[in-house]
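The values are calculated or read from the model by the stated rules, or taken from the named source; none is laboratory data. Values in this document were obtained by computation on a predicted structure and should not be read as measured data. Using ideal geometry, Cβ is built from the backbone for each residue, glycine included, and neighbour counts are taken over all protein chains shown.
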Amino acid sequence: MFKSKNIFLTFFIAVFVLILNVCVFAAPYVNFKITYDGKTYTYNKERVYLYVNSKPVENLPLEPIILDDYTLVPARETFEKIGAEVTWIKDTEQVQIVYKDMVVLMKINDANATVNGQLFKMGIPPKLINGKTMIPVRFVSEAIGLNVEWNNDTRIINISEKVVQDTTTETTTIQTTTTAPEPDIVIESIHMPDSDERTFSIYANKKIEKFEQVILEDGSVAIDIYNSKNNINKTSMDSVTEFVSNVTIENKENNITRFIFKTKSSVLNNNFLSEDGKILYVNFGGNPITKIEALNDEDNDILKIYGEFAPDVNITKSETTKIINIEIKNAAIVNLSENIKDTKYIDSFDYSKSTDVVVNIEIALKEDANFSYKKQDNMAIVTIGKNASNDTNNSNNNNGNEPNGNITSSRQFKIEKKSSVPVNINNIKHTDNYVDKEYILTFDKDITQLISLGEHQVNNELVDKIIVENVSGVTQLVFKCKKITAINVTEDSSYIYINMLLPKEKYKNIVVIDPGHGAQDPGTSGNGFVEKDINLAIALKLNNLFEQNPDVKAYFTRLSDVYPSYNDRTNMSNEVGDMFVSIHQNASGNGGSSPNGTETYYLNPNTSSSGLTSKAMAEIFQKNLLEDLGLLDRKIKTANFIVLRNNKMPAILCEIGFLSNPSDASKLGKDEFQQKVAQSIYDSTLEVFEKYPSKR
């Protein structure tokens, strides 16, 4: 009986151990605290197993850690196993790795490294984590000539020496890892952006689980997509973008597809997946934010934000809390250093909400204050204090108030009537020079008996000042605005009232039209035509149509051969628009003349309060363009164009036709066909607003 109990107990223990081992293998998660960059986090991810020459490295002081999709490993314990010499230089916080004739030198929190004295940029800098030097394993391994293999099923990363087979012996035994199974992910296509775009889009048939960036010896950016098979026929494609000249595709061992972006200069790039993980966006040309300084000059606090070039900032101030928000688009925090001295108004600032493409800085104030902003060299300089001009100051401001009391409130300017100078407000001509932030009211006579010539200060959140002048015997009021402003003129028996409004306070339906490219950016070309010119010609005809319709207000990002920045285009849309339409022309990426037709792009849903989405909008425009123009249907597509990505409104981009195709180009070059395009876009806009009327 006792013996049977022992047998049962032994069997029970064996089964329990077996179950425990199976459970551990099935759910290899680790959970522990890590501290770096002055903050402590809970690390809870699938475990990564480190192997060197196919043998496990055990008893590590800190296990491999994945940060931002990059694997960091302990420097000394990893690379001394392969025979490298690892040296920690305490005074400069540098780690040096010497392997054969290769020397790699890196610094904590610095993405720049040198390999045999040549500068390279890493995807992630080395980190001091829990006091241990952790370095990016793939960069260092490939820099010193080692192989790096990753098995997604076993979570093993193996570093090995490159093996040269000895053909002088009859048999050679080489220890290798198991052949990788057939990959699940198929890379189907890559979208090559136009010259005014910065983002390449790599499309897969299913979710991309892992990708990694490597900076190659010539400075090119390599993106490795794991567990993938390339199905793109072309292996080399030229790029027309500002920062990349060529893209090549390689099939590497262990089911890795590598995209190599040949960069024209050293430039920050950001990589991120679409929501479903099927599209990998590779964005170049963002502004790295590297330093923040704050000090007090006795009167005001001065905040300096440093980038590779002067950051374009959008600043807002909360009306209910003492918070100033600074947003910098197309930017990312890179090795940020802080130099904060005694400040009078700034209590603290937080940039933890920043992403790979947008830097958000939230400033908490000790007491209420205004702000102003300017760009200088590679800095954005924000002045915070009582005397700083505040773009969001909504209080009544009577600075410069005239003796005759023209300024009645922060948003209204009044002119007292006189019987000797009758004025019919219906005869006042409105000229909205919104691109220049100027609005002009032209009266049909000289009214300087009612209002004095010269400058009348307003300084509310919309208008800085009003300039009264006489031109050819009639009086003009020129409103110098801080942002796009709408004007309504009303009257009673005693006064004419000029009301300064936000556009959405005056207009029920607003569309922002963006004729792509312009000035120094010609866009694509073909068959004797240049894209920027075709886009502008269509826009001018479209503007004439909208000017005849009081029910829809159309703002254009350009109506001449100028080049609005990406921020200018999307900022206008986000500030005033209900919807956004970008007009473009296409061209074959390989120089062929056969591709032709119309396609419409959208990206984010951007659902409006009326229920309109970017996709629904794209469907309406594509349908009408096909019916009205008779070109080939190239369907509705998604792409990470910056004017779509940065829009908060429902937004689309219409590629009307191919300038590289003789048939499309000959049509697009004709005035009557351009009028058809304008009419189709106009009709589509009206249809959208009819189906999805604004709630205003």
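Brief remarks follow.
- Filtering Phe272, Phe243, Phe309 for residues that are modelled with pLDDT of 80 or more and among the hydrophobic types (A, V, I, L, M, F, W, C) leaves a single hit, Phe243.
Residues checked against (1) of a type in the set (A, V, I, L, M); (2) more than 14 Å from Ala380 (Cα to Cα):
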position	(1), (2)
Asn314	no, no
Ala332	yes, yes
Ser337	no, yes
Ile363	yes, yes
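- Among the residues making up region 532-551, those that are touching a Leu at 6+ places or on another chain (Cβ under 9 Å) and at pLDDT below 95 are Asn549, Asp551.
- Residues (modelled with pLDDT of 95 or more and either of a type outside the set (Asp, Glu) or closer than 19 Å to Asn509 by Cα (or both)) located in region 587-600: Gly597, Thr598, Thr600
- Selected residue (only one of Ser201, Ser228 is outside the structural domain of Pro564 (by TED's automatic domain parsing), of a type in the set (Ser, Thr, Tyr) and within 24 Å of the chain's Cα centre (by Cα)): Ser201
- Glu209 being surrounded by fewer than 21 Cβ atoms within 10 Å (Cβ to Cβ), charged (D, E, K, R) and assigned to a strand (DSSP E or B): no
- From Leu62, Leu67, Leu72, Leu50, residue being in contact with a Pro (Cβ under 8 Å, 6 or more places away or on another chain), more than 24 Å from Gly145 (Cβ to Cβ), surrounded by 15 or more Cβ atoms within 10 Å (Cβ to Cβ) and modelled with pLDDT of 85 or more: Leu62
- The set of residues in region 620-643 being within 25 Å of the chain's Cα centre (by Cα) and acidic (Asp, Glu) is empty.
- Residue check, Asn360 assigned by TED's automatic domain parsing to the domain that holds Gln476 and at pLDDT 85 or above: no
- Search result, residues across region 250-261 that are modelled with pLDDT of 85 or more and under 27 Å from Leu67 (Cβ atoms): Glu250, Asn255, Ile256, Thr257, Arg258, Phe259, Ile260, Phe261
- Any hit, region 477-488, residues being farther than 19 Å from Gly577 by Cβ, within 37 Å of the chain's Cα centre (by Cα), aromatic (Phe, Trp, Tyr) and not in a helix (DSSP H, G or I): yes
- Number of positions in region 442-476 that are part of a strand (DSSP E or B) and more than 12 Å from Ile498 (Cβ to Cβ): 13
- Scan of region 210-240 for residues that are modelled with pLDDT of 85 or more and of a type in the set (Val, Ile, Thr), ordered by number: Ile223, Ile225, Ile232, Thr235, Val240
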